[in-house]
Amino acid sequence: MCGRFTCFLSAELLSQLYRVQVEPGSVPPRYNIAPSQPVLIVRELPDGSRQAAWVHWGLIPSWSKDPSVGGSLINARSETAAEKPSFRSAFRRRRCLIPASGFYEWQKKEGKSKQPWFITSDDGRPLSFAGLWEQWHSPDGSDIETCAILTTSPNERMEPIHHRMPVILAPESFRAWLSPESCPDELQGLLVPFPSERMKCYPVRTLVNRPGNDSPELLIPLKEPDKGEDNQ
DNA sequence: CCAGACGTTGTT
DNA sequence: GTCTGG
DNA sequence: CCAGACGTTGTT
DNA sequence: GTCTGG
């Protein structure tokens with residue numbers, strides 16, 4: 001799955017990679033993005049242009065009476081999102097990309113203990129999560145925009161750590177994912193596990209657990225990045 | 001017809 | 001144990 | 001996802 | 001909003 005991630009990409013890099021306007025200085029580095037917090041997404045507008053926007057992480061279906069459901073809809077299963085009532089309209093018309101530098105997964109160990117891992121690309125390039133966004137009209141008249149990250153089965157590398165992982169798209173897939181023209185089969189074809197050999201995983205200190213701790217210290221590895229030989 | 005659910009994760 | 005807030 | 005709260009009364 | 005169960 002994906003319950004925490006990082007994004008420390010410059011506005012310039014974001015602009016170039018996603019072909020979108022991003023104001024310099026408007027995207028502070030984040031090392032511990034948690035559900036409910038603002039997240040930068042990239043979406044396509046009706047006129048075909050792309051837009052970067054800040055939305056809350058945790059999707060609130062437009063018909064929901066209670067916005068707190070967003071708290072649990074931080075992920076959407078890629079296998080079923082197209083049909084599920086909570087996600088299908090967003091899947092049809094409101095797909096987005098969620099730029100990230102990497103993400104965290106907690107591996108269950110013996111007993112109740114958990115080991116956090118930081119997972120990133122092998123070459124330092126950004127990751128782009130496949131996401132859905134939604135709009136919710138509050139009774140008080142305000143609108144809240146939210147998003148969820150699609151998940152898929154783990155690749156070989158992730159398997160020992162966790163049984164779900166976020167859907168990560170390559171730049172060649174951005175257009176098809178964002179375009180309203182893409183058909184369901186075409187979209188489904190994009191929602192596959194990111195290749196093992198293109199990611200790097202390393203265990204990190206439990207500092208990640210401290211809410212409000214959002215500093216590069218979180219990324220200090222406990223040991224060298226693990227290529228997958230053994231990681232228990 | 002109306003009422004109530006609608007989700008993911010992990011855990012048991 | 002379970003819920004809420006970040 | 002994890003961390004932290006989870007309650008009432010009265011008093012300052 | 002839309003579907004399912006009663």
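Descriptive notes on the structure:
- Scan of segment A:44-76 for residues that are over 21 Å from A:Arg4 (Cα atoms) and either of a type in the set (Phe, Trp, Tyr) or more than 16 Å from DNA strand C (Cβ to nearest atom) (or both), ordered by number: A:Glu44, A:Leu45, A:Pro46, A:Asp47, A:Gly48, A:Ser49, A:Arg50, A:Gln51, A:Pro61, A:Ser62, A:Trp63
- Residue match in segment A:120-133 (condition: modelled with pLDDT under 95 and either among the small types (Gly, Ala, Ser) or not in a loop (DSSP other than H, G, I, E, B) (or both)): yes
- Here A:Ser62 fits the description: surrounded by fewer than 19 Cβ atoms within 10 Å (Cβ to Cβ) and more than 18 Å from the chain's Cα centre (by Cα).
- Checking each residue of segment A:37-55 against the condition of being under 25 Å from A:Asn213 (Cα atoms), more than 18 Å from the chain's Cα centre (by Cα) and small (Gly, Ala, Ser) gives no match.
- Residue within segment A:82-102 that is within 28 Å of A:Gly124 (Cα to Cα), within 16 Å of DNA strand C (Cβ to nearest atom) and of a type in the set (Val, Ile, Thr) present: no
- Restricting attention to segment A:162-209 and to residues that are outside any helix (DSSP H, G or I) and under 21 Å from A:Arg19 (Cα atoms), the residue that is farthest from the chain's Cα centre (by Cα) turns out to be A:Glu181.
- Residue within segment A:7-19 that is outside any helix (DSSP H, G or I), more than 24 Å from A:Asp122 (Cβ to Cβ), under 11 Å from the mean Cα position of the chain (by Cα) and modelled with pLDDT of 95 or more present: no
- Test: residue in segment A:82-92 that is within 27 Å of A:Glu172 (Cβ to Cβ), in contact (Cβ under 8 Å) with a residue 40 or more places away in the chain and assigned to a loop (DSSP other than H, G, I, E, B): yes
- Looking only at residues of segment A:26-47 that are under 17 Å from A:Phe91 (Cα atoms) and not hydrophobic (A, V, I, L, M, F, W, C), we find that the one that is farthest from DNA strand D (Cβ to nearest atom) is A:Pro46.
The values are calculated or read from the model by the stated rules, or taken from the named source; none is laboratory data. Quick caveat, the model's predicted, so the values are computed rather than measured. So basically every Cβ, Gly included, is an ideal-geometry build from the backbone, and we count neighbours across all protein chains shown.
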